[in-house]
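Report on the structure given below.
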Amino acid sequence: MKSYKEIEKKHSPEEIAESLVFPGPKDPVKREKMLSALREVRKQQKENQSEESKLISQLLQLKFLMEDYLKADSFNKNFYFGYFLNEYIARLEKKKKQFAQEIDVDPTELSQIINKHRKPTEKIIYRLEIHSNRNFPAIMWFKILEKERAYELLHDKSIVNNERSHVKQQLKFSLT
Amino acid sequence: MEIAQFEVKLKEVLTNSHLVAVIEPMTLADFKVVKKSREQFDKFNWNQYRQKEVYKLRLKEEDVILGLMCLVDHTDEATDAIEIELLEVSSENIGKGKRLDCIGGCLIAFAYRESFKRGHEGCVFLVPKSSLLDHYPAKYGFQYIPVKTDRRPNGFMILFESGARKLIKTYLDAA
């Protein structure tokens, strides 16, 4: 392993800072002193943090969780459309009735979507994009809904079977 | 929610074009590869970090590792932050002759994204070498907080919510 002096001979400080982070103090006393100072700075920062800054952090957390869930191959039955919608409303610290008014939706309809008794309509998804100032784009909500539907189709055969009586004719061969 | 793979874009210096890369958790097999790649990763002994949270960055279409980063998640309420304990860009991508740019920036911005995602409000810190005190702020916007010790000043670099958002926008939102 190269020493810092060896690295300095080959690269400028700008190049080193751009590309390397060195480990902090190994001595437990020094490390605790550093962490203690950090906790003090963190405490002061939290005390002075604006409400807007806190809200932005909470909404970014939700957005990144949604993005990562969409990228993941696995399903999670707890992460359905209504769950993320409820989280969005909760982080804004709004009552559901107030939020329903803000996007001009019947409060009962909103409640049914959150509680998984009803699927959201396209208009609600478009209004969510507008309400969030495009920070939570409609495409992201559609993809959450799509993933939820895929999970339901895989786990509930009755969804397709219930439509069987409506199909009068079907192909008689398999492609595979 | 652990991420399996996160896409970023690197700049190819020669052509000024962008290449898709991914950041993903290191596997035990990766540590063996890094141990053998002494010319690419010659600054630190990454094998000592096998039990820790370590990420690698590689081009999406290639297996070659281009950058490594070790994170420490300080979940206690008082600290409530992510520490970048160690970061190394592969030797051929440091300095004037580098082939790819933004490897370090993408890894650091990824740490900020994880900080938001884990509820630390974008708070990330690292411990700088004293000769780099001016350079982490210039490159990544960190703020230096000195800590007085008996012998010489020590301290840490830290960045909060608004600075973190800028880094994410610069290095990750273009992906």
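The values are calculated or read from the model by the stated rules, or taken from the named source; none is laboratory data. Just so you know, these numbers come straight off a predicted model, no measurement behind them. Backbone-built Cβ (ideal geometry, glycine too); neighbour counts: all protein chains shown. Only protein heavy atoms, including side chains, enter the accessible area calculation; ligands, DNA and RNA are left aside. Shrake-Rupley method; radii C 1.70, N 1.55, O 1.52, S 1.80 Å.
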If you take the beta carbon distance between A:Gln112 and B:Gln48 as r and set R0 to 45 Å, what does 1/(1 + (r/R0)^6) give as a FRET efficiency, to the nearest 0.05? 0.25
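Remind me, relative contact order of chain B in percent, using alpha carbon pairs under 8 angstrom and six or more residues apart? Show your work: numbers first, answer last.
Details: 308 pairs, mean separation 32.7, N = 175.
Worked out over chain B, it gives 19 percent.
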Return the whole-Å distance between the Cα centroid of region A:8-33 and the Cα centroid of region B:105-175. 13
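Give me the percent of DSSP beta bridges within the protein assembly as shown that run antiparallel, rounded to the nearest 5.
Values: 38 of 40 bridges.
Percent antiparallel among DSSP bridges in the protein assembly as shown is about 95.
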Can you give the Rg and Dmax of region B:25-175 based on its C-alpha atoms, in angstrom? 15.6, 51
Bin width 10 Å, origin at 0, all Cα-Cα pairs of region A:25-120: what percent of pairs per bin? 13, 29, 25, 18, 10, 4, 0
Measure off 7 Å from each Cα along the Cα-to-Cβ vector at A:Lys97 and A:Leu175, then give the distance between these two points in nanometres to one decimal. 5.2
extent check for the protein assembly as shown: Cα max minus min per principal axis, descending, whole Å, gives 81, 55, 37
Using alpha carbon positions and the Kirkwood radius, the Rg to Rh ratio of chain A is 1.19
In region B:1-98, what GluC sites (Glu not before Pro) fall in a loop by DSSP, with at most 16 other Cβ atoms inside 10 Å? B:Glu2, B:Glu39, B:Glu61, B:Glu62, B:Glu77
Counting Lys and Arg as +1 and Asp and Glu as -1, what is the net charge of the other residues whose Cβ lies under 11 Å from the Cβ of A:Ile139? 0
Once you place label points 7 Å from the Cα toward the Cβ at B:Thr15 and A:Val29, how far apart are they in nm? 5.6
Tilt of helix B:161-171 relative to the longest C-alpha principal axis of chain B, in degrees (0 to 90, nearest 10)? 10
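List the accessible area buried at the contact between B and A, summed over both sides and calculated with a 1.4 Å probe, in Å² to the nearest 100. Walk me through the numbers before you get to the answer.
Working: alone 10440 and 13910 Å², together 19520 Å².
In total, this chain pair buries about 4800 Å².
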Those lysines that a straight Cα-Cα span of less than 27 Å connects to A:Lys157, excepting residues fewer than 8 apart in one chain: A:Lys71, A:Lys77, A:Lys116, A:Lys119, A:Lys143, A:Lys147, A:Lys168, A:Lys172
